[in-house]
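The values are calculated or read from the model by the stated rules, or taken from the named source; none is laboratory data. In this text, all values refer to a predicted model and were calculated from it rather than measured experimentally. Here the Cβ positions follow ideal geometry from the backbone for every residue, glycine too, while neighbour counts run over all protein chains shown.
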Amino acid sequence: GALAIALHPEGISRDALNAFRPPDDRQPMTSGGVRGMLTRVRRHLPVRDAPYRFEASFTVDVLQLRQHLAHGRVREAVALYRQPLLPISEAPGVVEERESLEEELRQAVLQSRDPDALCELAERLGDDLELWSTAAEALWPNDPRLAVARARVARLEESYT
């Protein structure tokens, strides 16, 4: 619940909150369910009533990361991306946010062709052939990371054949 509210600083409806529930909770959230969830969140953070939003100012890495991307600061965005968003959650809203965030970051870094951002994100994402290939192309010939990037590209290309 807290993530859903944080990702919607303008407020989020009860229906939109349902997308952030685990997939095994098949029933839509009732008024009582919303109250219960909000009671748990309010133990830690002040939340206004519908549309639900935080009353206090706050920062969230996801929103800061997207702010960096909006201003072309890919290195700062990559630095904030330590791992996928709530990696074990299977809630549809979380999965959608996780996948969107990663792809937004990937595309911005690929487009930037910034060698530092490319290498750092490639390391974090692991077996992303496109990132490693673009990093290998962007690195200077005397950069020690070039050998690593080329080795990863070769290994990944071999595994895809």
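In table form, for the structure just shown:
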read-out	value
Subset tally (residues that are over 19 Å from Gly1 (Cβ atoms) and not small (Gly, Ala, Ser)) for the range 40-91	17
Single residue of the range 88-101 satisfying the filter (in contact with a Lys or Arg (Cβ under 9 Å, 6 or more places away or on another chain) and modelled with pLDDT under 95) that is nearest to Ile12 (Cα to Cα)	Gly93
Selection from the range 1-42 of residues that are among the polar types (S, T, N, Q), in a helix (DSSP H, G or I) and either at pLDDT 80 or above or under 15 Å from Ala91 (Cα atoms) (or both)	Asn18, Thr39
Residue under evaluation Pro84, criteria (1) assigned to a helix (DSSP H, G or I); (2) under 16 Å from Leu131 (Cβ atoms), criterion not met	(1)
Criterion (within 30 Å of Ala135 (Cα to Cα), in contact with a helix residue (DSSP H, G or I) (Cβ under 8 Å, 6 or more places away or on another chain) and not in a strand (DSSP E or B)) met by exactly one of Leu69, Leu45	Leu69
From Glu130, Glu104, residue being modelled with pLDDT of 95 or more, in a helix (DSSP H, G or I) and more than 25 Å from Pro22 (Cβ to Cβ)	Glu130
Matching residues, the range 80-93, being farther than 18 Å from Gln64 by Cβ and in contact with a helix residue (DSSP H, G or I) (Cβ under 6 Å, 6 or more places away or on another chain)	Ala91, Pro92, Gly93
